[in-house]
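What follows is a single structure, written as structure tokens, with notes after it.
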Amino acid sequence: MKKRNFVIILTIVAALGLVACGGKVSETASNDTVKAADQVGGKTETTSETVTLKIGNAMAGDHPWNAATEEFIEKAKEYSNGQLVIENYSDATLGTEAELLEQVKTGTLDMCIVDPSVGTTYSKKLQLFALPFLFADKTQWEKALDGQPGQDYARMIEDETGIKIMAYWGGSTRNVISVKAPITDIAGLKGFKLRLAASELKFKVWEAAGCLPVEVAFGETYSALSSGLCDGMENEMPSILSAKFYEVAPYLTKTEHEITVRPVFMNADTFHSLSPELQEAITKAMQETTVVARDLETEYGKKAEDTMVNDFGMQEFDIDKQVIIDAVKSVFDEFGNETGLSDIINMIQKS
């Protein structure tokens, strides 16, 4: 009898201990475990515990992130033999991007997909991917993120913030659109009033390229463009399409100055509280889903670009990006020295 009671107590304590960590054990699974321990002769029947995790993002339900997340959920369930139950919350249901990352940091949310620059209060290193012209092209982008630079950067962020980078999603390109005339060379940027969101780093970069940055809220940008307060703005294709900026700024310059990086963040304590088997399952599911997420986002951006050009008459132009890259190098050097990311930046650019 004593042995039987001891087994029951150990089983209940183990279940409660997992609840205290980031993962949540379902009530049904916990009850089943106790019942399994209460067998004739005190023999315990092995029962899998269900761990429920929550992941959030601020994008609409039809955004590629959500389609990819649903696939991630299914893969995590499959590779964990049903133990991992992941719930997706889109449409900013749980808060803004900044709020989502804060929740992940504190452990009240398990995972999120956000623009890393919203977390600069935790680490200035999270501004890295806001550096325009960091990646020469998509091939370099993928090689750097999946290689040593991406791994080293992820370790730095986890050590400094307690937030783990599970994968790097994104892949959309940001380009410049203009109101009066196309920008075809760096001379066209001299004195160009470029709308930017609040970012000291981005202001420095575009000032070095010759622009006169103007801080304008996204919701006020259409008016700023049509009134002449701004000569143009920069953003991703789907955002330009959905906000109808092409109506007042019909010239698109393919600067491709930013290939977006949107990490899937996870509370590090929650990840490390999982069993080795569940860590392996969630990591494998995320790695496989990342390929899907990137492809979906690329298609999403291409479709938006084709719609604006073919249906709404937006005109596209190319530009010599290397001249701009050379002009902003001093900002890269300053940022790298300030944050200790000089080696990472050099590794990325040599990828």
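Identify the single condition in (1) modelled with pLDDT of 95 or more; (2) over 20 Å from W141 (Cβ atoms) that A217 does not satisfy, given that it satisfies every other one.
(1)
Within region 67-75, is even one residue surrounded by fewer than 19 Cβ atoms within 10 Å (Cβ to Cβ), closer than 30 Å to V323 by Cα and touching a residue at least 40 places away in the same chain (Cβ under 8 Å)?
Checked against the condition, which is being surrounded by fewer than 19 Cβ atoms within 10 Å (Cβ to Cβ), closer than 30 Å to V323 by Cα and touching a residue at least 40 places away in the same chain (Cβ under 8 Å), region 67-75 yields no hits at all.
Being in contact with a Leu (Cβ under 7 Å, 6 or more places away or on another chain), closer than 29 Å to E338 by Cα and either surrounded by fewer than 22 Cβ atoms within 10 Å (Cβ to Cβ) or β-branched (V, I, T) (or both) narrows it down to one of Q127, Q140, so name that one.
Exactly one residue qualifies, and that residue is Q127.
Name the residue that is farthest from T184 (Cα to Cα), counting only residues in region 322-351 that are in contact (Cβ under 8 Å) with a residue 60 or more places away in the chain and polar (S, T, N, Q).
T339
Are any residues in region 114-135 in contact (Cβ under 8 Å) with a residue 40 or more places away in the chain, out of contact with any Ser or Thr (no Cβ under 6 Å at 6 or more places or on another chain) and not in a helix (DSSP H, G or I), and if so, which ones?
Hits for region 114-135 are V114, D115, L131, P132, F133, L134, F135.
Does region 55-62 include one or more residues that are of a type outside the set (A, V, I, L, M, F, W, C), at pLDDT 95 or above and at negative phi?
Yes, the conditions are met somewhere in region 55-62.
Hey, which of the helices (runs of 4 or more DSSP H) in region 244-330, taking only ones fully inside, have at least 3 residues that are surrounded by fewer than 18 Cβ atoms within 10 Å (Cβ to Cβ) and of a type in the set (D, E)?
276-312
Yes/no matrix, rows are residues, columns are (1) among the polar types (S, T, N, Q); (2) out of contact with any Gly (no Cβ under 8 Å at 6 or more places or on another chain); (3) farther than 20 Å from I325 by Cα; (4) outside the structural domain of L196 (by TED's automatic domain parsing):
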site	(1), (2), (3), (4)
D91	no, no, yes, yes
L100	no, no, yes, yes
P132	no, yes, no, no
W141	no, no, no, no
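Any residue in region 222-229 that is at pLDDT below 95, hydrophobic (A, V, I, L, M, F, W, C) and surrounded by fewer than 16 Cβ atoms within 10 Å (Cβ to Cβ)?
No - not one qualifying residue is present in region 222-229.
Please state which one of T289, T184 is polar (S, T, N, Q) and in contact with an Asp or Glu (Cβ under 6 Å, 6 or more places away or on another chain).
T289 is the lone residue from the list that is polar (S, T, N, Q) and in contact with an Asp or Glu (Cβ under 6 Å, 6 or more places away or on another chain).
Test of understanding: among L194, L201, which residue is touching a Phe, Trp or Tyr at 6+ places or on another chain (Cβ under 7 Å), surrounded by 15 or more Cβ atoms within 10 Å (Cβ to Cβ), at pLDDT below 95 and not polar (S, T, N, Q)?
L201
If you take the residues of region 76-105 that are of a type in the set (S, T, N, Q) and more than 18 Å from the chain's Cα centre (by Cα), which of them is surrounded by the most Cβ atoms within 10 Å (Cβ to Cβ)?
S80
Filter region 93-146 for residues that are modelled with pLDDT of 95 or more and at positive phi and give the result.
Scanning region 93-146 gives G95, G107.
The values are calculated or read from the model by the stated rules, or taken from the named source; none is laboratory data. Since this is a predicted model, take the numbers as computed values, not measurements. All Cβ positions, even for glycine, are placed from backbone atoms using ideal geometry, and neighbour counts span all protein chains on display.
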